[in-house]
Structures are given as C-alpha cells and as structure tokens.
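Below is one structure, written out as structure tokens; the observations come after it.
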Amino acid sequence: MERVTDGPERPTRPADPGRVNDYDSFAEAYSAENECALVNAYYARPAMLDLAGDVAGRRILDAGCGSGPLSAALRDRGAVVTCLDTSAKMLALAERRLGDDADIHHADLRDRLPFGDGTFDDVVSSLVLHYLEDWGPTLAELRRVLRPGGRLIASVDHPFVAYTIQEPRPDYFATTSYTFDWSFGGQTVPMKFWRKPLHAMTDAFTTAGFRLSTISEPQPDPAARELFPEGFHDLSAKPCFLFFVAEVPPSATGSDN
C-alpha cells in the first residue's frame, strides 16, 4: 500500500494506537493524492516498474495493491495481474479503476493466501512490509505462491530514514514500532509502522528461501524536476525508500515452506 507524501519528510506526532492504519476510513482521499504525489507517481511506482522490466504475459500478484495504480500500470504493460489488499474500500476503488473483470481478493498478508503453490511469476509489494512486525510468515507465503525462478519485488521505508530522520531512536539494531499522523486531502490519520535494521530485512528474505538479487536506491523520474522543484532536490539527495528484488531459486518448490 503506497504511502502519500510530496517528499521524504513525515510528521511524527503520536497516533492513537486504537485507530492506526485504518485505510477504509480515508481510502478516497488517499487514492486521490496517491495518483500524482511526487514519491508515488514519480519515484515509488516508476522504480517498481523499472525493476519489474518486461512483464508481458507474466502472472503478477500485487500484494497490498491499494486502489490499484501499480496494478493498472503492470496490466498496461501486458501482465496478468491479481490484486490483494486488506482494505475493502481500497479494493472497491481498485475495481473501479481496473473493471468488473479484475481479479481482486480481500485478504490479510499475515494469513495464508488464497492461492495455490507456484501460482505467480512475480509478486510486487510496494511500501507494505513496514506495516508488519514479523516479516517471516508473510515472506514464506509470498514465496509459496511464486513459481521456481519467480521474483518478489518489494519496497519499504529506508531504514536509515526511519532511524535518523523520522523520530530518531538510540538503537538502530532493535525492531521497534513508531506512530505518527499523516495529513493529506484535509484529513489527519493515525499510522503505525515497524522499522528494522537493514541486516534484519535481508535476513528475513533469505530465511524465507529467497535469493536477493537487487537492493536499489533509485533516483526520482527526471520529469518531476519541473513539477516539484524543491521536493525533487530533496528526494534526489536523501534516502527515502529501499527496493528489493528477491528470487525463488529455480529448483525450489513452494510446498517446502
């Protein structure tokens, strides 16, 4: 589920832990700003698409699809896309975008996924894993539904930003949560993310049976330079998100998780 912002900074006022991450309560406003926000339209999505490469004919699961902008872009490039999210209202927006025949599933990534072993060639998961304290069960399920040789393409908040810029903490090596308020579209909503050191992220992929092939810190789309001159400079000079491509070894099977 991509987050909405026009730059790498984010306010960190405490959020009410009883109402955090309730995308159903702000789906319309979130989706509207997500369409053209700097880090979404000119950074996160282009980076995911670049890492995915030629996807024509590939079966792709968009895990945490939100209102479906990445799914739509992949489909436009010839992929056969399946959408999954925990938010029913976000999925309704995705269906509106993609059409009634879209393959859409309401499910939680912390649970067993409603797909057979080796169903997909790729899984994309844009800015989703940092909502989870424990990546292990989720990564194991994503590996299970990928065919041998398949790829997981994922992005998360950059761990250096989470520890040094946004609500700094003394222990980089601890897995800790932090709460904050997002403000967009005239709304202020409480959120909660989990931050991990880089080695904990890479260890989680390899423990789940993936082989990391790429760790990327991309630059924003140059087209954003004139549209967001100040934000473009900041995004070009400071870390924001971290992108991974993790592969299932060609000889692997999904049933051994």
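The numbers here are math on the coordinates, done by the rules we state, and not lab data. Here the structure is a predicted model, which is why all the values come from computation and not from measurement. Using ideal geometry, Cβ is built from the backbone for each residue, glycine included, and neighbour counts are taken over all protein chains shown.
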With a point put 7 Å past each Cα toward its Cβ, work out how far Ser251 is from Thr202 in nm, to one decimal. 2.4
Take every Cα pair under 8 Å in the chain that's 6+ residues apart, average their separations, divide by the length, and report that relative contact order as a whole percent. 25
Length gain on complete extension for the stretch Arg112 to Ile215, per 0.36 nm per residue less the alpha carbon to alpha carbon distance? 34.4 nm
Taking the chain and counting helices only, DSSP H stretches of n ≥ 4 at -39,500 (n - 2.57) each over all residues, the nearest-500 ellipticity at 222 nm comes to -7500 deg cm²/dmol
Rounded, prolate or oblate: pick one for segment 71-115, where a ≥ b ≥ c are the square roots of the eigenvalues of its C-alpha gyration tensor, a/c under 1.5 means rounded, and failing that, prolate if a/b is larger than b/c, else oblate. oblate
Once you've got the GNM for the chain with C-alpha springs shorter than 10 Å, pick whichever of Gly66, Gly78, Gly186 has the biggest mean-square fluctuation. Gly186
Calculated from the structure, volume of the Cα convex hull per residue in Å³ equals which of (1) 135; (2) 176; (3) 120? (3)
Between the alpha carbon centres of segment 179-222 and segment 120-138 the gap in Å comes to 9
Mind telling me which of Asp101, Asp221, Asp203 comes out most flexible in a GNM of the chain, alpha-carbon contacts under 10 Å? Asp101
Quote the charge dipole size of segment 17-256 about the Cα centre in Debye, to the nearest 20; the model charges only the Cβ of Lys and Arg (+1) and of Asp and Glu (-1). 380
What distance in nm separates the simple spin-label points at Ala88 and Asp24, each placed 7 Å from Cα in the Cβ direction? 0.5
Which are the unpartnered cysteines of the chain, meaning those with no other cysteine Cβ under 4.7 Å from their Cβ? Cys36, Cys240
Which one of Arg45, Arg59, Arg77 has the biggest mean-square fluctuation once the chain is modelled by GNM with Cα springs under 10 Å? Arg77
